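Quick one: structure below, then a few questions.
The values are calculated or read from the model by the stated rules, or taken from the named source; none is laboratory data. Keep in mind it's a predicted model, so treat the numbers as computed, not measured. When we count neighbours, we look across all protein chains shown, and the Cβ atoms used for this are built from the backbone with ideal geometry, even at glycine. We work out accessible area using only protein heavy atoms, side chains counted, and drop any ligands, DNA or RNA first. Shrake-Rupley method; radii C 1.70, N 1.55, O 1.52, S 1.80 Å.
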Amino acid sequence: MASNTHGSGNSGTGASVPDRPAVRSYLTRLVCSMCGHPEEVDRLKNVCTACGRVLFYEYDLDAVRETLPRDALRARDATLWRYRELLPVRETRHIISLGEGMTPLLPAPRLGAVSGFSQLYVKEEGLNPTGSFKARGISVAVSRALELGATALGIPTAGNAGGALAAYAARAGLPCYVLMPEDTPLANKLECVLYGANLYLVKGLINDCGRIVREGAAAGRWFDVSTLREPGRAEGKKTMGYEIAEQLGWELPDAIIYPTGGGTGIVGMWKAFDEMERMGWIGSRRPKMISVQAEGCAPIVRAFEAGERHATLFANAHTVASGLRVPVAIGDYLMLDAIRASGGTAITVHDDEFTPAMRAIARAEGISPAPEGGATYVALTKLRDSGFLKTSDRVVIFNTGAAWKYSELLETGLLPVLDPADPAVQAQIA
Ligand SMILES: *Cc1c(COP(=O)(O)O)cnc(C)c1O
Ligand SMILES: [Zn+2]
């Protein structure tokens, strides 16, 4: 028996959730999103054993509908665990939380005035633990892995997921193994080491790291918590969809602009909208789901434009927005289906456009944007110019991480250095 799968259940820490009452679990099934094949729901699983694609957790939504009126959420704590009936962790004592989720949905009137939009919002995900929204999926994945008896965790990462796993694994008392490209931002490497993760730098991209992690998982060294290869991560990310609905008074916006790498966010939010409609929390109207990628790594945009349901490997993938450096994604069809069904679109942004957009957001609103967040603002203005979006549309752009995690990028051009020996030094201060 593999060392990472023995036993069922674990004492957990309990201490991380002292005042959270036990609730019934409504989790019913674990099913393939592609072929419908069911897997054992209470076992550590990665992908469909029939077709190799993405597994989704399902819940008894009729029962949740009867026991949880949406207004009852108001009294709950401000983390994503407020939606615990719709998350796959059966026992609250297994919840590993650092306060993730329920991030502010900030009205952005100054940025809106600059860009012409009268109802612009920024979902500020940089305020999550470890400075990115990866904390959401990782909190759920680690909690569930602990509940199902995992004794070690492994992850391939473009950066932020590794840092998040390092933190949550520490809090769970589980060893973890993080594999990231050698040229990942320094902050991501340092946070892994700080939290005590086993960090390995790889000559290659996230998909190369993924292969190493899958081999290690097959050898029983750890449980693989790769994005969309571990079904809890999409559940954690789907709470962004619940939050936007709740924060807008159970009305969805006209458009959501989201920087897309592995795609868990788009896929998760789309699933959340479906669940909420089935519980009678929202109607059938959906926001246009807009995927933003970097010109140097745009497999989803390319597949969208070609009318394909699957994306091919994007060769020579490169971009400074490390979260978007994902040349191939197992959930491509889920993203592309959601974008198309919503009447949305997919668009690229050039690397040179990131820093000016980060600066624009930071100066207008006091928000610290990751380059991926900057990309959503560039996309907003491009889609305004093309007429795809109207300036009267209510639009949510996602800032998925904090600028400080990308200090190398910010350093370039943002920090002028004065030479006191230069007679014209005062002129430079003007
Ligand atoms: C991972 C990441 C993304 C991409 O998110 P997905 O949900 O995997 O598509 C975007 N921005 C940042 C900062 C990230 O870390
Ligand atoms: Zn399948």
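If a residue must be more than 21 Å from Gln293 (Cα to Cα) and within 9 Å of ligand 1 (Cβ to nearest atom), how many such residues does segment 223-282 contain?
0
When residues of segment 28-46 are filtered for being in contact with a strand residue (DSSP E or B) (Cβ under 9 Å, 6 or more places away or on another chain), within 8 Å of ligand 2 (Cβ to nearest atom) and in a loop (DSSP other than H, G, I, E, B), how many remain?
3
Mind telling me which of the residues Tyr168, Tyr121 ends up being aromatic (Phe, Trp, Tyr) and open to solvent by 10 Å² or more (accessible area, probe 1.4 Å)? Steps first, answer last, please.
Working: Tyr168 fails: open to solvent by 10 Å² or more (accessible area, probe 1.4 Å).
Going through Tyr168, Tyr121 in turn, the sole match is Tyr121.
Taking into account only those residues within segment 376-402 that are under 18 Å from the mean Cα position of the chain (by Cα) and either open to solvent by 10 Å² or more (accessible area, probe 1.4 Å) or of a type outside the set (Gly, Ala, Ser) (or both), which is nearest to Ser291 (Cα to Cα)?
As a first pass, look at segment 376-402 and keep what is under 18 Å from the mean Cα position of the chain (by Cα): 376-377, 396-402.
With either open to solvent by 10 Å² or more (accessible area, probe 1.4 Å) or of a type outside the set (Gly, Ala, Ser) (or both) added as a condition, the list becomes 376-377, 396-400.
Details: Thr376: 9, Tyr377: 12, Val396: 12, Ile397: 11, Phe398: 11, Asn399: 13, Thr400: 13 Å.
Once the filter is applied, the top-ranked residue is Thr376.
Of all residues being farther than 19 Å from Glu40 by Cα and β-branched (Val, Ile, Thr) in segment 215-241, which is least open to solvent (accessible area, probe 1.4 Å)? Just the residue, please.
For segment 215-241, the residue satisfying everything is Thr239.
I want to confirm something. Restricting to segment 313-344 and keeping residues that are open to solvent by 10 Å² or more (accessible area, probe 1.4 Å) and not in a loop (DSSP other than H, G, I, E, B), which single residue is nearest to ligand 2 (Cβ to nearest atom)?
Taking the candidates together, the pick is Leu334.
Out of the residues in segment 33-91 that are within 16 Å of ligand 1 (Cβ to nearest atom) and either without any contact (Cβ under 8 Å) to a residue 40 or more places away in the chain or not small (Gly, Ala, Ser) (or both), state the one that is surrounded by the most Cβ atoms within 10 Å (Cβ to Cβ).
If we take residues in segment 33-91 being within 16 Å of ligand 1 (Cβ to nearest atom) and either without any contact (Cβ under 8 Å) to a residue 40 or more places away in the chain or not small (Gly, Ala, Ser) (or both), then Leu80 is surrounded by the most Cβ atoms within 10 Å (Cβ to Cβ).
Scanning for something open to solvent by 20 Å² or more (accessible area, probe 1.4 Å), within 18 Å of Val326 (Cα to Cα) and either under 17 Å from the mean Cα position of the chain (by Cα) or at pLDDT below 95 (or both), does segment 183-200 turn up at least one residue?
Yes: one or more hits.
Any chance segment 364-375 includes a residue that's within 12 Å of ligand 1 (Cβ to nearest atom), open to solvent by 10 Å² or more (accessible area, probe 1.4 Å), modelled with pLDDT of 95 or more and out of contact with any Pro (no Cβ under 7 Å at 6 or more places or on another chain)?
yes
Listed residues Ile300, Ile330, Ile347; which is of a type in the set (Val, Ile, Thr) and more than 17 Å from Ile256 (Cα to Cα)? Lay out the reasoning, then the answer.
On the way: Ile300 fails: more than 17 Å from Ile256 (Cα to Cα); Ile347 fails: more than 17 Å from Ile256 (Cα to Cα).
Within the list Ile300, Ile330, Ile347, the selection yields Ile330.
I've got another one for you. Name the residue that is farthest from Val349 (Cα to Cα), counting only residues in segment 297-312 that are of a type outside the set (A, V, I, L, M) and open to solvent by less than 10 Å² (accessible area, probe 1.4 Å).
By that ranking, first place goes to Pro299.
Sticking with this one: Test each condition in (1) among the acidic types (Asp, Glu); (2) buried (at least 23 other Cβ atoms within 10 Å of the Cβ); (3) free of Cβ contacts under 8 Å to residues at least 12 places away in the same chain for Asp352 and report the one that comes out false.
(2)
Hey, another quick one. Are there any pairs with C-beta distances below 8 angstrom linking a residue in segment 323-334 that is in contact (Cβ under 8 Å) with a residue 40 or more places away in the chain and near ligand 1 (Cβ under 8 Å from one of its atoms) to a residue that is open to solvent by less than 20 Å² (accessible area, probe 1.4 Å) and among the charged types (D, E, K, R), with the two at least 6 apart or on different chains, and if so which?
That search, which allows pairs on different chains as well, returns Gly323/Glu372; Leu324/Glu372.
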